[in-house]
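Participant: Before we start, here is the structure in question, set down as structure tokens.
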Amino acid sequence: MLGVAQLMVILDNTIVNIALPTAQHALGFSNADRQWIVTAYSLAFGSLLLLGGRIGDIFGRKRTLIIGLVGFAGASAIGGASVNFPMLVSARTVQGAFGALLAPSVLALLTTTFNDPGERGKAFAIYGGIAGAGGALGLLLGGLLTSYASWRWTLYVNLAFAAIAITGALLWLKNEKDADRDPLDIPGLCLVTGGLFCLVYGFSHAETTAWNNPFTIGFLVFGVILLASFAMLELRVSHPLLPLRIVRNRTRGGSMLAMLFASMGLFGVFLFLTYYLQETLRFSPVRTGLAFLPMVVALAGMAQVSNRVLLPRLGPKVIVPIGLLLAAAALFLLHGVGLHSSYVSHVLPSLLLLGLGFGLSLAPSFSTGTLGLAPHDAGVGSATLNTTQQVGGSVGTALLNTLAAGAATAYLVGRAMTPANLQTAALHSYTTAFLWSSLIFVVGAVVAGLVLPMGNMRALSGPAPESTAAEPARVPG
């Protein structure tokens with residue numbers, strides 16, 4: 001049930017993207033407006049995650065999960081019935097807001113429900129597999145629905161997912177008895193929400209304009225200032241929105257950094273490999289989705305092995321960096337594809353290696369990124385992990401798009417604008433993105449290897465979840 005809820009959120013990052021050209025044609029909006037269908041969702045989702053996690057801590061995760069599911073489904077229904085651009089972009093914004101309430105609730109419920117190491121490993125293996133493979137499944141489902149039904153069904157399908165998850169939540173989840181009744185840190189909430197909004201918008205703006213654009217620079221700088229102010233405020237307030245004990249722990253902090261870099265590189269896989277398969281190898285949307293399935297199978301299988309067998313024995317310091325290095329090797333191999341490369345000989349081996357790498361890195365990072373959290377910290381801790389994933393995706397998309405566009409432009413300097421040169425320039429942009437994605441994974445592996453502590457899961461878990469007693473005294477402010 002929790003897996004279905006998480007799948008619905010993850011799918012929405014890619015399933016709608018496949019349908020955008022068809023939706024644009026049906027509703028008659030411009031290319032500039034088209035980007036806002038993606039950006040509106042990302043802005044609402046990314047900037048409200050910490051608030052969503054804190055609401056779950058206060059009112060109980062079962063309630064916030066069900067409210068999030070109902071709201072997400074309702075917004076999806078409105079989006080699917082859209083008759084114009086404002087209606088669709090508004091629905092996507094509301095989707096993102098309810099997604100920010102839903103996603104931390106799912107992860108927090110996993111964290112507080114599965115305390116037995118064996119059961120926890122099994123649960124997070126499934127969750128990590130869904131989180132890593134959901135994007136590829138979204139491409140396949142989006143292609144199928146757009147090709148054989150309507151673009152509107154890429155939104156309507158969420159009603160079916162939500163109905164299953166709500167039914168499961170009502171039948172099997174229990175209301176939490178002890179909610180966190182600490183006062184809400186309103187100044188901190190305003191600072192972190194504004195800071196995340198500015199960062200996500202700044203990266204989205206860079207993707208569609210340029211890094212030296214005044215609005216891009218202004219939003220990014222202001223976002224950093226707001227987040228730095230938030231960090232300073234959290235040191236002083238009596239009831240911080242994000243207690244430092246959550247991120248100061250090396251196991252959780254290292255896992256969040258690994259998630260940040262993995263999410264940056266992950267978008268290079270889905271975005272530019274989709275372009276390569278469709279624009280260069282001339283795959284249909286459905287065939288493109290099918291092409292990713294071997295990666296999904298490899299990821300799901302390795303997620304089970306890594307979380308249930310390797311992680312308990314070896315700990316994250318060993319397996320997470322190895323997984324990131326495997327992903328780096330896969331993308332370096334993709335860097336060598338050409339205009340007439342075979343999917344079986346050139347793309348498939350890299351996808352299988354990617355699946356193994358993501359299964360070794362992403363799935364364990366979700367488990368260790370929430371390890372040892374006290375129940376009253378589970379919501380905001382889960383939201384923090386979700387936030388690093390969302391910010392990483394925004395950074396990666398903007399950065400890789402810019403590098404790819406620059407590579408294509410540089411290739412065409414001094415060359416005629418013939419179809420052959422344009423096709424080669426596009427290929428050069430994709431392979432450049434693959435190479436930079438590979439380097440991002442290498443950096444992530446180094447950072448994770450340096451920050452994550454040595455030890456197996458039993459040693460890292462400690463005798464009991466951390467409590468507020470471990471927090472140093474604060475100066476009220």
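Participant: In the stretch 234-277, how many residues are part of a helix (DSSP H, G or I) and either in contact with a Lys or Arg (Cβ under 7 Å, 6 or more places away or on another chain) or under 15 Å from ALA404 (Cβ atoms) (or both)?
Facilitator: 13
Participant: Determine which member of the set GLY355, GLY372 is under 20 Å from ILE440 (Cα atoms) and assigned by TED's automatic domain parsing to the domain that holds ASN456.
Facilitator: On inspection, the qualifying residue turns out to be GLY355.
Participant: Let me ask something else. With under 25 Å from the mean Cα position of the chain (by Cα), of a type outside the set (Asp, Glu), assigned by TED's automatic domain parsing to the domain that holds LEU324 and farther than 27 Å from LEU65 by Cα as the only criterion, which of LEU220, LEU159, LEU144, LEU139 stands out? Break it down stepwise before answering.
Facilitator: Details: LEU220 fails: assigned by TED's automatic domain parsing to the domain that holds LEU324; LEU159 fails: farther than 27 Å from LEU65 by Cα; LEU139 fails: farther than 27 Å from LEU65 by Cα.
Every option except LEU144 fails the conditions.
Participant: So is VAL16 in contact (Cβ under 8 Å) with a residue 12 or more places away in the chain and part of a helix (DSSP H, G or I) or not?
Facilitator: When the stated conditions are applied, VAL16 passes them.
Participant: Please enumerate the residues belonging to the stretch 326-346 that are surrounded by fewer than 21 Cβ atoms within 10 Å (Cβ to Cβ) and either assigned to a helix (DSSP H, G or I) or free of Cβ contacts under 8 Å to residues at least 60 places away in the same chain (or both).
Facilitator: Looking only at the stretch 326-346, we keep the residues that are surrounded by fewer than 21 Cβ atoms within 10 Å (Cβ to Cβ), and these are 329, 332-333, 335-336, 338-346.
The answer is ALA329, PHE332, LEU333, HIS340, SER342, TYR343, VAL344, SER345, HIS346.
Participant: Would you be able to tell me the number of residues in the stretch 373-410 that are crowded, with 21+ Cβ neighbours inside 10 Å and not in a helix (DSSP H, G or I)?
Facilitator: Qualifying residue count, the stretch 373-410: 1.
Participant: Report, ordered by the first and then the second residue, all pairs with beta carbons closer than 8 Å, sequence separation of six or more or different chains, a first member in the stretch 266-286 that is farther than 17 Å from GLY355 by Cβ, and a second member that is not in a helix (DSSP H, G or I).
Facilitator: Cβ pairs passing all conditions: TYR276/VAL337; GLN278/SER284; THR280/LEU339; LEU281/SER341.
Participant: For the stretch 225-249, which positions are under 22 Å from ALA374 (Cα atoms) and of a type in the set (Gly, Ala, Ser)?
Facilitator: Correct list: ALA231, SER238.
Participant: A follow-up question, please. Going by what's in this entry, would SER263 be described as within 20 Å of LEU353 (Cβ to Cβ) and in the same structural domain as ALA405 (by TED's automatic domain parsing)?
Facilitator: Numbers: within 20 Å of LEU353 (Cβ to Cβ): yes; in the same structural domain as ALA405 (by TED's automatic domain parsing): yes.
Yes, satisfied.
Participant: Next question. Filter the stretch 218-248 down to residues that are free of Cβ contacts under 8 Å to residues at least 60 places away in the same chain and hydroxyl-bearing (Ser, Thr, Tyr), then give me how many there are.
Facilitator: Final tally of qualifying residues: 1.
Participant: Which condition number in (1) within 24 Å of GLY194 (Cα to Cα); (2) crowded, with 22+ Cβ neighbours inside 10 Å; (3) at pLDDT below 90 is the one that ARG61 fails?
Facilitator: The single condition ARG61 does not satisfy is (1).
Participant: Moving on to the next point. Any residue at all in the stretch 194-216 that is assigned to a helix (DSSP H, G or I) and farther than 27 Å from ALA405 by Cα? Full working, then the answer.
Facilitator: First pass over the stretch 194-216, keeping only residues assigned to a helix (DSSP H, G or I): 194-208, 214-216.
Subset that is farther than 27 Å from ALA405 by Cα: 194-195.
Checking the stretch 194-216: at least one residue is assigned to a helix (DSSP H, G or I) and farther than 27 Å from ALA405 by Cα.
Participant: For the stretch 437-462: of the residues being buried (at least 21 other Cβ atoms within 10 Å of the Cβ) and over 19 Å from the mean Cα position of the chain (by Cα), which is farthest from PHE270 (Cα to Cα)?
Facilitator: Once the filter is applied, the top-ranked residue is LEU460.
Participant: From the list VAL296, VAL305, VAL309, VAL320, exactly one residue is assigned by TED's automatic domain parsing to the domain that holds LYS122, assigned to a helix (DSSP H, G or I), surrounded by 18 or more Cβ atoms within 10 Å (Cβ to Cβ) and modelled with pLDDT under 95. Which is it?
Facilitator: Exactly one of VAL296, VAL305, VAL309, VAL320 is assigned by TED's automatic domain parsing to the domain that holds LYS122, assigned to a helix (DSSP H, G or I), surrounded by 18 or more Cβ atoms within 10 Å (Cβ to Cβ) and modelled with pLDDT under 95, namely VAL296.
Participant: Checking the condition among the hydrophobic types (A, V, I, L, M, F, W, C) and modelled with pLDDT of 90 or more, which residue from ALA75, ALA131, ALA108 passes?
Facilitator: Only one candidate qualifies: ALA75.
Participant: Going by what's in this entry, would ILE246 be described as β-branched (Val, Ile, Thr) and surrounded by fewer than 17 Cβ atoms within 10 Å (Cβ to Cβ)? Spell out how you get there, then give the answer.
Facilitator: On the way: β-branched (Val, Ile, Thr): yes; surrounded by fewer than 17 Cβ atoms within 10 Å (Cβ to Cβ): no.
When the stated conditions are applied, ILE246 does not pass them.
Participant: Return the residues of the stretch 431-468 that are at negative phi, at pLDDT 75 or above and part of a loop (DSSP other than H, G, I, E, B); say none if nothing qualifies.
Facilitator: LEU452, PRO453, MET454
Participant: Condition (residue is of a type in the set (D, E, K, R) and part of a loop (DSSP other than H, G, I, E, B)) applied to the stretch 119-139: is it met by at least one residue?
Facilitator: Scanning the stretch 119-139 turns up no residue that is of a type in the set (D, E, K, R) and part of a loop (DSSP other than H, G, I, E, B).
Participant: Another question, if that's okay. Condition first: surrounded by 24 or more Cβ atoms within 10 Å (Cβ to Cβ), assigned by TED's automatic domain parsing to the domain that holds TRP172, closer than 23 Å to TYR275 by Cα and among the small types (Gly, Ala, Ser). Can you find one or more residues in the stretch 116-129 that meet it?
Facilitator: Checked the stretch 116-129: no residue is surrounded by 24 or more Cβ atoms within 10 Å (Cβ to Cβ), assigned by TED's automatic domain parsing to the domain that holds TRP172, closer than 23 Å to TYR275 by Cα and among the small types (Gly, Ala, Ser).
The values are calculated or read from the model by the stated rules, or taken from the named source; none is laboratory data. Worth saying up front: this structure is predicted, and the values here are computed from it rather than measured. So basically every Cβ, Gly included, is an ideal-geometry build from the backbone, and we count neighbours across all protein chains shown.
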